[in-house]
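Asks: Dropping the structure in here first, questions after.
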Amino acid sequence: MSKRAFITGVTGQDGSYLAELLLGKGYQVHGLVRRTSSISRSRIDHLHVDAHDPDARFFLHYGDLTDSSRLRDLFAEVEPEEVYNLGAQSHVRVSFDEPVFSVTVDALGALNVLEAVRHMKTPARFYQASSSEMYGKVAAVPQDENTPLHPRSPYACAKVYAHYQTLNYREAYGLFACSGILFNHESPRRGESFVTRKITRAAARIKLGLQNKLYLGNLDAKRDWGYAPDYVEAMWRMLQHPTADDYVVATGETHSVREFLEESFSHLGLKWSSHVEVDPSFERPSEVDILLGDPTKVREVLGWKPRVTFRELARIMVDADLEAARKEAAGL
Ligand code: NAP
Ligand code: GDD
C-alpha cells in the first residue's frame, strides 16, 4: 500500500514540485484546491489523471485553510501519513495591503491544519512552511535556527505565529511537527509578481521586442536565492527523519536584486540599466535588507545540499521565459 501525503498549496510553485517528487517516490498524493470562478491549475495540469482510473494516485479536494471543519473531515477521510502545509498568501508586499486576510490564512490557517492533524485517529507527520522573512531586521548574519526573529511585515508576523504553534504542538501534544525555515527559492514556476520571475520574464520579453521597460522597487535588497525543486526535497527529508525538528534551508550565498538583474539580462546580451526604472510603489513600508542562511544543520543532519547555483538559477529561469515569450510572439 502506498504512503498517503496531503499538500495544502498544491497549485503553487512548491506544492507542484512537491507533488511531483512524492508521486515519483510512489506516494498517493492529495491536494487542497480553492474554488475559483475560473480554474487556474497550470502548474499541476500535467499530473492530473482521471480520478476513476484504478491507477490514479493524485487527487484534488476543494477546501480552504480558513475552513477548519473541512480540514478535519478531509484528514479523517484521507488518513494521510504526512501533511505538508504550504498554502499561504505568500506575497510580502501584498500582506501590507491585505493584513487581516494574510494573517487569517497564514497564521490561523496553519493552526487549523495543526488542529485537524491533532484530531486524526493516527496523527500525521506535519510540515510547516516557515520563512526566512521571520528574521526580518536581522539580528545576525548569517541566520541559523537560533537567530532571534524580528518580523517586518504582516506576512512575516503571521509566519512567526505559525512557526511557534508548530513548536508548541510538538511539545504540548507530541506531534511529529517540523518547520522548514526556507530562504527564497525560485523556478520557472515562480509567481510572476515575485522579483526574480518579474525580471526573467521582462528580460525575455524585452529581447523579443514585446516590452521595453521594467519597473522595480528596491534594487539593493539582498536575498539567499535557491532553486525550488531542490528545496521541496528538504521538506520531504524532514518528515523521514526519526525525530521532528526545525531546519534552515538555504544556499549560504546572498546576492542583490541588482546582481540578479545583471545575471539575467547579460545572459540575453542585454544591458539592464537601459530598461529598468525604479517605481516607489513597489517598495515596502518596511524592508528586509539582507537574508543569508546558514544551512549547516540541514546538511549535517539530513544530508541535504543545494544543487543549482545562483548563475544557473537565473539562466534556467531566463531560458524558460524566453521559450514562453517566443510562443507569445508567435501568437501561440
Ligand atoms: P505560492 O506559489 O504563492 O503558492 C501558494 C499556495 O497557497 C497556492 O496553491 C494557493 O492557492 C494556496 N493558498 C493561498 N491561500 C489559500 C487558502 N486560503 N486556502 C488554501 N490554499 C491557499 O507559494 P510558494 O512559493 O509555492 O510557497 C509555498 C509556501 O512556502 C508558502 O506558505 C510560502 O509562504 C512559503 N515560503 C515560500 C518561500 C519561497 O521563496 N517560495 C520561502 C519561504 C517560505 P491558489 O493557487 O488558489 O492561489
Ligand atoms: N516583488 C517585488 N517586485 N520585489 C521587488 C521589486 C518588485 O518590483 N523590486 C524590488 N524588489 C525587492 C523586494 O523589496 C524584496 O526586497 C526583494 O526584491 C524580494 O522580493 P520578492 O521576490 O517579492 O520576495 P520576498 O523576499 O519579499 O518574499 C519571498 O521570499 C520569502 C522568503 O524569504 C516570498 O516567496 C515569501 O513567501 C517567502 O517567505
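Asks: If you go through the stretch 206-223 one residue at a time, do you hit one that is more than 30 Å from Arg326 (Cβ to Cβ), of a type outside the set (Asp, Glu) and either modelled with pLDDT under 95 or under 21 Å from the mean Cα position of the chain (by Cα) (or both)? Before the answer, list the steps.
Replies: In the first step, residues of the stretch 206-223 are kept if they are more than 30 Å from Arg326 (Cβ to Cβ); the result is 218, 220-222.
Now drop any that are not of a type outside the set (Asp, Glu), which leaves 218, 221-222.
After this cut, where a residue has to be either modelled with pLDDT under 95 or under 21 Å from the mean Cα position of the chain (by Cα) (or both) as well, the list is 221-222.
The answer is yes, given that some residue of the stretch 206-223 is more than 30 Å from Arg326 (Cβ to Cβ), of a type outside the set (Asp, Glu) and either modelled with pLDDT under 95 or under 21 Å from the mean Cα position of the chain (by Cα) (or both).
Asks: Take the stretch 145-201 and flag every residue that is of a type in the set (Phe, Trp, Tyr) and within 18 Å of the chain's Cα centre (by Cα).
Replies: Applying the first criterion (of a type in the set (Phe, Trp, Tyr)) to the stretch 145-201 yields 155, 161, 164, 169, 173, 176, 183, 194.
The answer is Tyr155, Tyr161, Phe183, Phe194.
Asks: Only one of Ala234, Ala324 is surrounded by fewer than 20 Cβ atoms within 10 Å (Cβ to Cβ) and either assigned to a helix (DSSP H, G or I) or modelled with pLDDT under 95 (or both); which?
Replies: Values: Ala234 fails: surrounded by fewer than 20 Cβ atoms within 10 Å (Cβ to Cβ).
Exactly one of Ala234, Ala324 is surrounded by fewer than 20 Cβ atoms within 10 Å (Cβ to Cβ) and either assigned to a helix (DSSP H, G or I) or modelled with pLDDT under 95 (or both), namely Ala324.
Asks: Hey, does the stretch 16-26 have a residue that's in a strand (DSSP E or B), touching a strand residue (DSSP E or B) at 6+ places or on another chain (Cβ under 6 Å) and free of Cβ contacts under 8 Å to residues at least 60 places away in the same chain?
Replies: The first filter runs over the stretch 16-26 and keeps only residues in a strand (DSSP E or B), leaving none.
No - not one qualifying residue is present in the stretch 16-26.
Asks: Something else: Quick one: which helices (runs of 4 or more DSSP H) sit completely within the stretch 89-202 and have at least 2 residues that are within 9 Å of ligand 2 (Cβ to nearest atom)? Please lay out each step first, then the result.
Replies: Values: elements: 92-97, 99-103, 109-118, 154-173.
Counting at least 2 such residues, we get 92-97, 154-173.
Asks: On to the next question. How many of the residues in the stretch 257-287 are assigned to a helix (DSSP H, G or I), closer than 21 Å to Thr309 by Cβ and more than 16 Å from ligand 1 (Cβ to nearest atom)? Steps first, please.
Replies: Filtering the stretch 257-287 down to residues assigned to a helix (DSSP H, G or I) leaves 257-267, 272-274, 280-282.
Applying the additional criterion that residues be closer than 21 Å to Thr309 by Cβ yields 257-267, 272.
Retained after the next criterion (residues that are more than 16 Å from ligand 1 (Cβ to nearest atom)): 258-259, 261-267, 272.
Summing the residues that are assigned to a helix (DSSP H, G or I), closer than 21 Å to Thr309 by Cβ and more than 16 Å from ligand 1 (Cβ to nearest atom) in the stretch 257-287 gives 10.
Asks: Still on this structure, I have one more. Hey, any hits in the stretch 204-221 for a residue that's aromatic (Phe, Trp, Tyr) and more than 24 Å from Pro295 (Cβ to Cβ)?
Replies: In the first step, residues of the stretch 204-221 are kept if they are aromatic (Phe, Trp, Tyr); the result is 215.
After this cut, where a residue has to be more than 24 Å from Pro295 (Cβ to Cβ) as well, the list is 215.
Yes, the stretch 204-221 contains a residue that is aromatic (Phe, Trp, Tyr) and more than 24 Å from Pro295 (Cβ to Cβ).
Asks: Going by what's in this entry, would Thr36 be described as away from ligand 2 (no atom under 16 Å from the Cβ), within 21 Å of Ala110 (Cβ to Cβ) and surrounded by fewer than 22 Cβ atoms within 10 Å (Cβ to Cβ)?
Replies: no
The values are calculated or read from the model by the stated rules, or taken from the named source; none is laboratory data. Since this is a predicted model, take the numbers as computed values, not measurements. Reconstructed Cβ throughout: ideal geometry from the backbone, glycine too, with neighbour counts over all protein chains shown.
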